[in-house]
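The values are calculated or read from the model by the stated rules, or taken from the named source; none is laboratory data. Computed from a prediction, not measured in an experiment: that's the story for all the values here. No Cβ is skipped: glycine too gets one built from the backbone with ideal geometry, and neighbour counts run over all protein chains shown. For the accessible areas, the whole protein counts, side chains as well, though only heavy atoms, and no ligand, DNA or RNA atoms are used. Shrake-Rupley method; radii C 1.70, N 1.55, O 1.52, S 1.80 Å.
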Amino acid sequence: MSDFFQNGVITNFHNLTGRSVESLEKDLVQFSEKRKMGLMLPSLFSELEGPALSHIVDELAKVPYLEEIVIGLDRADRDQFLHAREFFSRLPQRHRILWNDGPRLKALDAELDKEGLSPSQPGKGRNVWFCTGYTLASDRTSCVALHDCDIVTYERAMLARLLYPLANPSFHYEFCKGFYARVADNKLNGRVGRLLVGPLLRSLQKVYGHSEYLDYLSSFRYPLSGEFAMRTHVLNGIKIPGDWGLEIGVLSEIYRNYTTRQSCQVEIADNYDHKHQPLSEEDGTGGLRRMSNDIVQSLLRKMATMGVSLTSDSFRVLKATYYRNALDMMEVYNHEAAMNGLTFDQHAEEAAVEMFTQAILEAGQSFIERPNDKPFIPSWSRVQSAFPDILQRIYQAVEEDNSGDV
(Lines give C-alpha, C1' and ligand atoms only; values in the text may rest on other atoms or scores of the structure.)
Protein backbone atom coordinates (compact mmCIF):
# COMPACT_ATOMS: atom_id res chain seq x y z
CA MET A 1 0.00 0.00 0.00
CA SER A 2 1.24 3.50 -0.80
CA ASP A 3 -0.14 6.97 -1.20
CA PHE A 4 0.71 9.79 -3.55
CA PHE A 5 1.25 13.49 -3.27
CA GLN A 6 -1.69 15.37 -4.79
CA ASN A 7 -0.05 15.79 -8.21
CA GLY A 8 1.73 12.45 -8.24
CA VAL A 9 5.15 13.82 -7.30
CA ILE A 10 6.44 11.36 -4.72
CA THR A 11 5.31 7.88 -3.76
CA ASN A 12 5.14 7.22 -0.01
CA PHE A 13 5.69 3.76 1.42
CA HIS A 14 4.52 3.27 5.00
CA ASN A 15 5.50 0.76 7.64
CA LEU A 16 1.95 -0.55 7.97
CA THR A 17 2.49 -3.97 9.49
CA GLY A 18 5.76 -3.74 11.38
CA ARG A 19 7.15 -6.49 9.17
CA SER A 20 10.07 -8.21 10.86
CA VAL A 21 13.61 -7.38 9.84
CA GLU A 22 14.27 -11.08 9.22
CA SER A 23 11.46 -11.17 6.67
CA LEU A 24 12.72 -8.03 4.93
CA GLU A 25 16.27 -9.36 4.85
CA LYS A 26 15.12 -12.65 3.35
CA ASP A 27 13.73 -10.71 0.38
CA LEU A 28 16.81 -8.53 0.13
CA VAL A 29 19.14 -11.52 0.04
CA GLN A 30 17.13 -12.77 -2.93
CA PHE A 31 17.16 -9.32 -4.58
CA SER A 32 20.94 -9.11 -4.12
CA GLU A 33 21.41 -11.81 -6.75
CA LYS A 34 20.39 -9.21 -9.35
CA ARG A 35 21.03 -5.90 -7.59
CA LYS A 36 24.10 -5.76 -5.36
CA MET A 37 23.74 -3.36 -2.41
CA GLY A 38 26.18 -1.14 -0.58
CA LEU A 39 26.27 1.39 2.26
CA MET A 40 28.20 4.63 2.78
CA LEU A 41 28.94 5.87 6.30
CA PRO A 42 30.38 9.41 6.61
CA SER A 43 31.93 9.64 10.07
CA LEU A 44 34.04 11.78 12.35
CA PHE A 45 36.64 9.98 14.44
CA SER A 46 34.95 11.38 17.56
CA GLU A 47 31.88 9.27 16.70
CA LEU A 48 33.95 6.11 17.19
CA GLU A 49 34.25 7.12 20.84
CA GLY A 50 30.49 7.47 21.42
CA PRO A 51 27.86 4.78 22.02
CA ALA A 52 25.83 5.30 18.83
CA LEU A 53 28.35 4.15 16.22
CA SER A 54 29.46 1.07 18.13
CA HIS A 55 25.83 -0.08 18.28
CA ILE A 56 25.36 0.72 14.58
CA VAL A 57 28.36 -1.46 13.70
CA ASP A 58 26.99 -4.29 15.85
CA GLU A 59 23.68 -4.07 13.96
CA LEU A 60 25.36 -3.88 10.54
CA ALA A 61 27.42 -6.97 11.37
CA LYS A 62 24.14 -8.95 11.27
CA VAL A 63 23.11 -7.71 7.80
CA PRO A 64 23.33 -10.60 5.29
CA TYR A 65 22.81 -8.82 1.96
CA LEU A 66 25.38 -5.98 1.83
CA GLU A 67 28.11 -6.34 -0.78
CA GLU A 68 30.24 -3.47 0.51
CA ILE A 69 30.43 -0.83 3.25
CA VAL A 70 32.39 2.37 2.55
CA ILE A 71 33.33 4.43 5.62
CA GLY A 72 34.46 8.03 5.25
CA LEU A 73 36.66 8.97 8.22
CA ASP A 74 37.31 12.65 9.01
CA ARG A 75 39.53 14.33 11.63
CA ALA A 76 41.75 11.33 12.31
CA ASP A 77 45.52 11.17 12.65
CA ARG A 78 47.55 8.03 11.94
CA ASP A 79 46.99 6.36 15.32
CA GLN A 80 43.29 7.16 15.16
CA PHE A 81 43.03 5.68 11.67
CA LEU A 82 44.70 2.50 12.86
CA HIS A 83 42.21 2.40 15.73
CA ALA A 84 39.39 2.82 13.21
CA ARG A 85 40.67 -0.14 11.18
CA GLU A 86 40.44 -2.26 14.33
CA PHE A 87 37.08 -0.74 15.34
CA PHE A 88 35.41 -1.66 12.03
CA SER A 89 37.19 -5.02 11.67
CA ARG A 90 34.25 -6.81 13.28
CA LEU A 91 32.17 -6.12 10.17
CA PRO A 92 31.99 -9.41 8.22
CA GLN A 93 31.16 -7.64 4.96
CA ARG A 94 33.79 -6.23 2.64
CA HIS A 95 34.49 -2.77 4.06
CA ARG A 96 36.94 0.00 3.32
CA ILE A 97 37.80 3.14 5.31
CA LEU A 98 38.60 6.36 3.48
CA TRP A 99 41.23 8.09 5.62
CA ASN A 100 40.41 11.57 4.35
CA ASP A 101 43.21 13.19 6.38
CA GLY A 102 45.82 10.63 5.33
CA PRO A 103 48.71 11.46 2.99
CA ARG A 104 47.46 9.42 0.03
CA LEU A 105 43.98 10.95 -0.24
CA LYS A 106 45.29 14.41 0.67
CA ALA A 107 47.78 14.21 -2.22
CA LEU A 108 44.97 13.38 -4.64
CA ASP A 109 42.86 16.16 -3.18
CA ALA A 110 45.72 18.63 -3.76
CA GLU A 111 45.88 17.64 -7.43
CA LEU A 112 42.16 18.18 -7.83
CA ASP A 113 42.36 21.49 -6.00
CA LYS A 114 44.86 22.86 -8.54
CA GLU A 115 42.18 22.43 -11.22
CA GLY A 116 39.39 23.81 -9.05
CA LEU A 117 37.81 20.37 -8.77
CA SER A 118 38.24 19.72 -5.05
CA PRO A 119 35.67 20.44 -2.33
CA SER A 120 36.31 23.96 -1.07
CA GLN A 121 35.66 23.22 2.60
CA PRO A 122 35.87 20.30 5.03
CA GLY A 123 32.69 18.72 6.31
CA LYS A 124 30.07 16.11 5.62
CA GLY A 125 29.63 17.09 1.97
CA ARG A 126 33.31 16.54 1.23
CA ASN A 127 33.27 13.25 3.14
CA VAL A 128 30.23 11.98 1.24
CA TRP A 129 31.75 13.11 -2.08
CA PHE A 130 34.87 11.01 -1.59
CA CYS A 131 32.73 8.06 -0.44
CA THR A 132 30.73 8.30 -3.67
CA GLY A 133 33.95 8.43 -5.68
CA TYR A 134 35.28 5.25 -4.08
CA THR A 135 31.89 3.53 -4.49
CA LEU A 136 31.98 4.32 -8.22
CA ALA A 137 35.60 3.16 -8.44
CA SER A 138 34.89 -0.11 -6.62
CA ASP A 139 31.96 -0.83 -8.97
CA ARG A 140 30.63 -3.62 -6.78
CA THR A 141 27.07 -2.37 -6.26
CA SER A 142 24.05 -1.36 -8.31
CA CYS A 143 22.34 0.52 -5.45
CA VAL A 144 23.79 2.18 -2.38
CA ALA A 145 22.42 3.72 0.81
CA LEU A 146 23.80 6.42 3.08
CA HIS A 147 23.04 7.20 6.69
CA ASP A 148 24.62 9.09 9.56
CA CYS A 149 26.75 7.60 12.33
CA ASP A 150 25.11 9.32 15.31
CA ILE A 151 21.73 7.52 15.32
CA VAL A 152 21.15 6.45 18.92
CA THR A 153 17.96 4.53 18.07
CA TYR A 154 19.49 2.59 15.17
CA GLU A 155 18.08 -0.75 14.08
CA ARG A 156 19.19 -2.61 10.98
CA ALA A 157 15.56 -2.68 9.80
CA MET A 158 16.05 1.03 8.92
CA LEU A 159 18.59 0.04 6.26
CA ALA A 160 16.44 -2.81 4.96
CA ARG A 161 13.43 -0.54 4.44
CA LEU A 162 15.57 2.18 2.89
CA LEU A 163 17.10 -0.14 0.29
CA TYR A 164 14.02 -2.24 -0.48
CA PRO A 165 12.44 0.03 -3.16
CA LEU A 166 15.75 0.19 -5.06
CA ALA A 167 16.81 -3.43 -4.62
CA ASN A 168 13.53 -4.98 -5.75
CA PRO A 169 14.15 -5.80 -9.44
CA SER A 170 10.49 -5.24 -10.31
CA PHE A 171 10.52 -1.63 -9.03
CA HIS A 172 11.65 1.31 -11.18
CA TYR A 173 12.88 3.78 -8.56
CA GLU A 174 16.23 5.56 -8.84
CA PHE A 175 16.14 7.37 -5.49
CA CYS A 176 14.65 6.71 -2.06
CA LYS A 177 14.46 9.00 0.97
CA GLY A 178 13.81 7.85 4.54
CA PHE A 179 11.31 9.48 6.89
CA TYR A 180 10.27 8.93 10.51
CA ALA A 181 8.84 10.64 13.56
CA ARG A 182 11.19 12.87 15.59
CA VAL A 183 10.15 12.43 19.23
CA ALA A 184 12.49 11.99 22.22
CA ASP A 185 12.63 12.98 25.88
CA ASN A 186 8.86 13.47 25.82
CA LYS A 187 9.01 16.31 23.27
CA LEU A 188 8.98 17.00 19.55
CA ASN A 189 12.41 17.25 17.91
CA GLY A 190 13.43 18.15 14.37
CA ARG A 191 13.22 21.93 14.79
CA VAL A 192 14.88 22.79 11.49
CA GLY A 193 12.48 20.59 9.54
CA ARG A 194 9.35 21.60 11.46
CA LEU A 195 9.94 25.29 12.05
CA LEU A 196 12.20 26.34 9.17
CA VAL A 197 11.90 24.18 6.07
CA GLY A 198 8.15 23.49 6.15
CA PRO A 199 7.00 27.11 6.70
CA LEU A 200 9.73 28.42 4.39
CA LEU A 201 8.63 26.25 1.45
CA ARG A 202 5.06 27.55 1.84
CA SER A 203 6.34 31.11 2.14
CA LEU A 204 8.46 30.81 -1.01
CA GLN A 205 5.33 29.76 -2.91
CA LYS A 206 3.44 32.80 -1.65
CA VAL A 207 6.20 35.32 -2.36
CA TYR A 208 7.58 34.01 -5.67
CA GLY A 209 4.61 32.12 -7.08
CA HIS A 210 3.74 28.49 -7.64
CA SER A 211 6.64 26.14 -8.36
CA GLU A 212 6.61 22.44 -9.19
CA TYR A 213 10.06 22.24 -7.61
CA LEU A 214 8.72 23.57 -4.30
CA ASP A 215 5.78 21.15 -4.59
CA TYR A 216 8.31 18.37 -5.01
CA LEU A 217 10.28 19.36 -1.90
CA SER A 218 7.08 19.81 0.12
CA SER A 219 6.00 16.27 -0.72
CA PHE A 220 8.88 14.81 1.32
CA ARG A 221 7.79 14.01 4.86
CA TYR A 222 11.27 14.83 6.19
CA PRO A 223 13.43 16.48 3.52
CA LEU A 224 16.36 16.95 5.93
CA SER A 225 16.73 13.28 6.85
CA GLY A 226 20.29 12.03 6.41
CA GLU A 227 19.06 8.61 5.29
CA PHE A 228 18.70 8.10 1.54
CA ALA A 229 19.57 5.58 -1.14
CA MET A 230 19.98 5.61 -4.89
CA ARG A 231 21.04 3.50 -7.81
CA THR A 232 24.82 3.65 -7.91
CA HIS A 233 25.01 5.12 -11.41
CA VAL A 234 23.15 8.19 -10.11
CA LEU A 235 26.27 9.14 -8.13
CA ASN A 236 28.23 9.91 -11.28
CA GLY A 237 26.14 12.89 -12.39
CA ILE A 238 25.04 14.75 -9.26
CA LYS A 239 26.65 17.87 -7.80
CA ILE A 240 26.30 18.07 -4.05
CA PRO A 241 26.80 21.03 -1.71
CA GLY A 242 29.74 20.87 0.64
CA ASP A 243 27.86 22.46 3.56
CA TRP A 244 24.69 21.82 5.61
CA GLY A 245 22.66 22.15 2.41
CA LEU A 246 23.68 18.59 1.46
CA GLU A 247 20.26 16.97 1.91
CA ILE A 248 18.33 19.72 0.10
CA GLY A 249 21.04 19.79 -2.57
CA VAL A 250 20.74 16.04 -3.21
CA LEU A 251 16.96 16.33 -3.55
CA SER A 252 17.41 19.22 -5.98
CA GLU A 253 19.86 17.23 -8.12
CA ILE A 254 17.53 14.24 -8.23
CA TYR A 255 14.72 16.58 -9.32
CA ARG A 256 16.95 18.00 -12.07
CA ASN A 257 18.19 14.67 -13.42
CA TYR A 258 15.23 12.29 -13.03
CA THR A 259 11.47 12.23 -13.33
CA THR A 260 9.52 12.51 -10.10
CA ARG A 261 8.02 9.07 -10.70
CA GLN A 262 11.51 7.64 -10.20
CA SER A 263 11.71 8.96 -6.63
CA CYS A 264 10.04 7.63 -3.50
CA GLN A 265 10.20 7.89 0.26
CA VAL A 266 9.80 5.17 2.86
CA GLU A 267 9.02 5.13 6.56
CA ILE A 268 12.12 3.48 8.02
CA ALA A 269 11.42 3.74 11.76
CA ASP A 270 8.63 4.43 14.23
CA ASN A 271 10.90 6.88 16.00
CA TYR A 272 14.39 8.25 15.54
CA ASP A 273 16.87 10.17 17.65
CA HIS A 274 20.41 11.37 17.08
CA LYS A 275 22.91 13.95 18.29
CA HIS A 276 21.25 17.36 18.57
CA GLN A 277 22.74 20.65 17.46
CA PRO A 278 22.58 23.76 19.69
CA LEU A 279 20.84 26.84 18.31
CA SER A 280 24.27 28.43 17.81
CA GLU A 281 27.80 28.19 19.07
CA GLU A 282 29.21 30.64 21.61
CA ASP A 283 30.47 32.96 18.87
CA GLY A 284 27.01 33.14 17.30
CA THR A 285 27.87 30.84 14.41
CA GLY A 286 27.62 27.10 13.93
CA GLY A 287 24.85 24.94 15.35
CA LEU A 288 21.37 25.33 13.89
CA ARG A 289 22.10 28.94 12.93
CA ARG A 290 24.82 27.90 10.49
CA MET A 291 22.77 24.92 9.35
CA SER A 292 19.68 27.03 8.63
CA ASN A 293 21.70 29.64 6.74
CA ASP A 294 23.23 26.96 4.50
CA ILE A 295 19.84 25.34 3.88
CA VAL A 296 18.19 28.64 2.92
CA GLN A 297 21.04 29.51 0.58
CA SER A 298 20.76 26.09 -1.05
CA LEU A 299 17.08 26.76 -1.79
CA LEU A 300 17.74 30.27 -3.07
CA ARG A 301 20.50 29.10 -5.41
CA LYS A 302 18.25 26.44 -6.89
CA MET A 303 15.39 28.88 -7.43
CA ALA A 304 17.74 31.34 -9.11
CA THR A 305 18.84 28.64 -11.58
CA MET A 306 15.15 28.18 -12.42
CA GLY A 307 14.80 31.83 -13.43
CA VAL A 308 13.28 33.25 -10.25
CA SER A 309 14.24 36.90 -9.62
CA LEU A 310 15.57 37.21 -6.07
CA THR A 311 16.04 40.74 -4.71
CA SER A 312 16.75 42.38 -1.37
CA ASP A 313 13.20 43.72 -1.24
CA SER A 314 11.73 40.27 -1.84
CA PHE A 315 13.85 38.82 0.97
CA ARG A 316 12.28 41.27 3.43
CA VAL A 317 8.82 40.18 2.26
CA LEU A 318 9.90 36.54 2.53
CA LYS A 319 11.11 37.12 6.09
CA ALA A 320 7.74 38.58 7.18
CA THR A 321 5.76 35.87 5.37
CA TYR A 322 7.88 33.11 6.85
CA TYR A 323 7.60 34.49 10.37
CA ARG A 324 3.79 34.45 10.24
CA ASN A 325 3.68 30.96 8.70
CA ALA A 326 6.14 29.61 11.25
CA LEU A 327 4.12 30.95 14.20
CA ASP A 328 0.96 29.41 12.74
CA MET A 329 2.72 26.06 12.38
CA MET A 330 4.10 26.36 15.90
CA GLU A 331 0.53 26.52 17.20
CA VAL A 332 -0.30 23.34 15.28
CA TYR A 333 2.69 21.57 16.81
CA ASN A 334 1.57 22.76 20.24
CA HIS A 335 -1.76 21.01 19.63
CA GLU A 336 -0.03 17.89 18.31
CA ALA A 337 2.16 17.73 21.42
CA ALA A 338 -0.89 18.07 23.67
CA MET A 339 -2.77 15.29 21.84
CA ASN A 340 0.20 12.96 22.26
CA GLY A 341 0.95 13.81 25.89
CA LEU A 342 4.22 15.56 25.07
CA THR A 343 5.67 18.68 26.64
CA PHE A 344 5.88 21.86 24.56
CA ASP A 345 8.24 24.72 25.37
CA GLN A 346 6.67 27.73 23.64
CA HIS A 347 9.54 30.03 24.56
CA ALA A 348 12.17 27.69 23.08
CA GLU A 349 10.08 27.17 19.94
CA GLU A 350 9.61 30.92 19.40
CA ALA A 351 13.31 31.53 20.03
CA ALA A 352 14.10 29.02 17.28
CA VAL A 353 11.65 30.72 14.89
CA GLU A 354 13.23 34.11 15.60
CA MET A 355 16.70 32.71 14.93
CA PHE A 356 15.51 31.09 11.69
CA THR A 357 13.91 34.40 10.65
CA GLN A 358 17.26 36.15 11.06
CA ALA A 359 18.99 33.33 9.19
CA ILE A 360 16.70 33.91 6.19
CA LEU A 361 17.77 37.56 6.02
CA GLU A 362 21.45 36.64 6.47
CA ALA A 363 21.23 33.96 3.78
CA GLY A 364 19.56 36.39 1.39
CA GLN A 365 22.22 38.99 2.02
CA SER A 366 24.99 36.45 1.45
CA PHE A 367 23.32 35.33 -1.77
CA ILE A 368 23.21 38.93 -3.07
CA GLU A 369 26.75 39.82 -1.97
CA ARG A 370 28.45 36.67 -3.31
CA PRO A 371 26.74 35.81 -6.60
CA ASN A 372 29.84 34.05 -7.95
CA ASP A 373 30.12 31.52 -5.15
CA LYS A 374 30.57 27.94 -6.32
CA PRO A 375 28.77 26.03 -3.56
CA PHE A 376 28.54 22.70 -5.35
CA ILE A 377 31.29 20.10 -5.48
CA PRO A 378 31.84 19.08 -9.13
CA SER A 379 30.20 15.88 -10.32
CA TRP A 380 32.40 12.83 -10.73
CA SER A 381 31.64 12.79 -14.45
CA ARG A 382 33.27 16.23 -14.74
CA VAL A 383 36.23 15.23 -12.58
CA GLN A 384 36.81 12.15 -14.72
CA SER A 385 36.85 14.27 -17.86
CA ALA A 386 39.81 16.21 -16.41
CA PHE A 387 41.46 13.21 -14.69
CA PRO A 388 40.44 10.06 -16.61
CA ASP A 389 42.22 7.78 -14.15
CA ILE A 390 41.06 9.50 -10.93
CA LEU A 391 38.71 6.74 -9.79
CA GLN A 392 41.36 4.07 -10.23
CA ARG A 393 43.82 6.20 -8.26
CA ILE A 394 41.34 6.76 -5.43
CA TYR A 395 40.64 3.04 -5.35
CA GLN A 396 44.35 2.22 -5.16
CA ALA A 397 44.98 4.80 -2.41
CA VAL A 398 42.15 3.44 -0.26
CA GLU A 399 43.25 -0.16 -0.79
CA GLU A 400 46.80 0.69 0.28
CA ASP A 401 45.57 2.56 3.36
CA ASN A 402 43.40 -0.38 4.40
CA SER A 403 45.82 -3.22 3.77
CA GLY A 404 49.33 -1.83 4.07
CA ASP A 405 51.50 0.47 6.10
CA VAL A 406 50.31 4.03 6.74
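Can you give the local net charge around S292? Use residues other than it whose beta-carbon is closer than 11 angstrom to its beta-carbon, Lys and Arg +1, Asp and Glu -1. The partial results should precede the final answer.
Working: positive: R191, R289, R290; negative: D294, E362.
Cβ neighbours under 11 Å give a net charge of +1.
Pop out the ³J(HN,Hα) list for segment 384-400 in order, Karplus 6.51 cos²θ - 1.76 cosθ + 1.60 with θ = phi - 60°, rounded to Hz; leave Gly and Pro as x.
Running phi through 6.51 cos²θ - 1.76 cosθ + 1.60 with θ = phi - 60° gives 5, 5, 8, 10, x, 9, 5, 5, 4, 6, 5, 4, 5, 4, 5, 4, 5 Hz.
Nearest 20 debye, what's the magnitude of the dipole of segment 10-130 about its Cα centre given +1 on Lys and Arg Cβ and -1 on Asp and Glu Cβ? Provide the component values of the computation, followed by the final result.
On the way: 17 positive and 19 negative charges, 58 e Å.
Using only the charged Cβ atoms, the result is roughly 280 debye.
Taking N as the number of residues in segment 103-167, what is its alpha-carbon radius of gyration divided by 2.2 N^0.38 Å? Don't skip to the end; give the middle numbers.
Details: Rg = 15.2 Å, N = 65, 2.2 N^0.38 = 10.7 Å.
Output field value: 1.41.
Please compute the contact order of the chain in relative form: average sequence separation of alpha-carbon pairs under 8 Å and at least six residues apart, divided by the residue count, as a percent. Please report the intermediate quantities before stating the final value.
Working: 661 pairs, mean separation 90.2, N = 406.
Here the relative contact order equals 22 percent.
Fully extended, how many nm does the chain gain between S89 and D185 (0.36 nm per residue separation, minus their Cα-Cα distance)? Intermediate values should be presented prior to the final figure.
Values: separation 96, 0.36 × 96 = 34.56 nm, distance 3.36 nm.
That pair, S89 and D185, stretches by 31.2 nm at full extension.
Could you state the angle between the C-alpha long axis of helix 78-87 and the longest principal axis of the C-alpha atoms of the chain, as a value from 0 to 90 degrees rounded to the nearest 10?
On a 0 to 90 degree scale, this one is about 90.
Can you give the direction-averaged projected area of the convex hull of the alpha-carbon atoms in segment 1-127, in nm²?
Numbers: hull surface 46.4 nm².
One quarter of the hull surface, i.e. the mean projection, equals 11.6 nm².
Putting +1 on Lys and Arg Cβ atoms and -1 on Asp and Glu Cβ atoms, find which of A352, A363, P375 reaches farthest to the positive end of the dipole of segment 335-389.
The Cα lying farthest towards the positive end belongs to P375.
Compare the peptides 305-312, 170-177 by average per-residue count of other Cβ atoms within 10 angstrom and give them in order, highest first. Could you put the intermediate results ahead of the total?
On the way: 305-312: 11.5, 170-177: 19.1.
Listed from highest to lowest mean packing, they are 170-177, 305-312.
List the lysines whose Cα lies under 26 Å from the Cα of K106, skipping any in the same chain that are fewer than 8 positions away.
Correct list for K106: K114, K124, K239, K374.
Tally up the carbon and sulfur contribution to the accessible surface of the chain as a whole percent, 1.4 Å probe, everything protein left in place. Mind dumping the intermediate values first?
Numbers: 8510 of 17600 Å².
It is 48 percent, rounded to a whole number.
Using the Karplus equation 6.51 cos²θ - 1.76 cosθ + 1.60 (θ = phi - 60°), what ³J(HN,Hα) coupling, rounded to whole Hz, does each residue of segment 163-177 give in order, writing x for Gly and Pro?
Here the 3J(HN,Hα) series is 7, 3, x, 8, 7, 5, x, 8, 9, 10, 6, 9, 8, 9, 10 Hz.
FRET efficiency for N271 and A304, Cβ-Cβ distance as r, R0 = 30 Å, nearest 0.05?
Numbers: r = 37 Å, r/R0 = 1.24.
So the FRET efficiency works out to roughly 0.20.
Just going by the charge dipole of segment 1-103, with Lys and Arg at +1 and Asp and Glu at -1 on Cβ, which of H14, L66, F45 is farthest out on the positive end?
L66
Extending each Cα 7 Å along its Cβ direction at R324 and N236, get the distance between those two points in nm, one decimal.
4.9
According to the Cα gyration tensor, what semi-axes, each the square root of 5 times an eigenvalue, does the equivalent ellipsoid of segment 73-139 have, listed from largest to smallest in whole Å? List each step's numbers first, then the result.
Details: eigenvalues 100, 43, 20 Å².
Those come to 22, 15, 10 Å.
Contour minus end-to-end for D405 and D58, with contour as 0.36 nm per residue of separation and end-to-end as the Cα-Cα distance? Could you put the intermediate results ahead of the total?
On the way: separation 347, 0.36 × 347 = 124.92 nm, distance 2.68 nm.
Additional length available on full extension: 122.2 nm.
Taking amide H positions as placed in the peptide plane 1.01 Å from N, state which residues far from V266 in sequence (5 or more) or on other chains have amide H under 5 Å from it.
Under 5 Å from the amide H of V266 lie the amide H atoms of F13, K177, G178, F179, each far enough along the sequence or on another chain.
What dipole magnitude, in Debye to the nearest 20, does segment 82-224 give about its Cα centre under +1 on Lys/Arg Cβ and -1 on Asp/Glu Cβ? Write out the running numbers ahead of the final one.
Values: 20 positive and 14 negative charges, 91 e Å.
Computed about the Cα centre, the dipole is about 440 debye.
Please compute P(r) over all alpha-carbon pairs of segment 70-110, binned at 5 Å starting from zero, and give each bin as a whole-number percent.
Taking every Cα pair in segment 70-110, the percentages come to 6, 24, 32, 21, 12, 5, 1.
In terms of modelled amide H atoms, which long-range or inter-chain residues lie less than 5 Å from the amide H of L98?
Those lying under 5 Å, H to H, from L98 are I71, G72, L73.
Just name one of A320, L342, L204: the one whose Cα is farthest towards the positive end of the charge dipole of the chain (beta-carbon charges, Lys/Arg +1, Asp/Glu -1).
So the residue furthest toward the plus end is L204.
So what are the radius of gyration and Dmax for the Cα set of segment 214-366, in Å?
Rg then Dmax for segment 214-366, in Å: 16.9, 46.
If you take the beta carbon distance between S385 and E111 as r and set R0 to 22 Å, what does 1/(1 + (r/R0)^6) give as a FRET efficiency, to the nearest 0.05? Could the numbers behind the result be given before it?
On the way: r = 15 Å, r/R0 = 0.67.
According to the calculation, E is roughly 0.90.
Divide the volume of the convex hull of the Cα atoms of the chain by its number of residues and quote the answer in cubic angstrom per residue. List each step's numbers first, then the result.
Values: hull volume 59.7 nm³, N = 406.
Convex hull volume per residue, Cα atoms: 147 Å³.
Excluding H83 itself, what net charge comes from residues whose Cβ is under 11 Å from its Cβ, given Lys and Arg +1 and Asp and Glu -1? Could you put the intermediate results ahead of the total?
Working: positive: R78, R85; negative: E49, D77, D79, E86.
Combined, the nearby Lys, Arg, Asp and Glu give -2.
Okay, which of segment 33-57 sit inside 15 Å, backbone N to the point 7 Å along the Cα-Cβ direction of D77?
Only 45-46 pass the distance filter.
With only Lys, Arg, Asp and Glu charged, each at its Cβ (+1 for the first two, -1 for the last two), find how big the charge dipole of the chain is about the Cα centre; round to the nearest 20 debye. Don't jump to the answer; show the numbers that get you there.
Numbers: 44 positive and 55 negative charges, 234 e Å.
Around 1120 debye, computed over the chain.
Rg(Cα) of segment 132-241 divided by 2.2 N^0.38 Å?
Values: Rg = 16.2 Å, N = 110, 2.2 N^0.38 = 13.1 Å.
Taking the Cα Rg and dividing by 2.2 N^0.38 Å, one obtains 1.24.
Just subtract the alpha-carbon distance of A351 and K206 from 0.36 nm times their residue separation and send over the number in nm, one decimal.
Numbers: separation 145, 0.36 × 145 = 52.20 nm, distance 2.39 nm.
Roughly 49.8 nm would be gained on extension.
I'd like the Karplus ³J(HN,Hα) series for segment 211-225: coefficients 6.51, -1.76, 1.60, θ = phi - 60°, whole numbers in Hz, and an x wherever there's a Gly or Pro.
Running phi through 6.51 cos²θ - 1.76 cosθ + 1.60 with θ = phi - 60° gives 9, 5, 5, 5, 4, 4, 5, 5, 6, 7, 5, 8, x, 8, 4 Hz.
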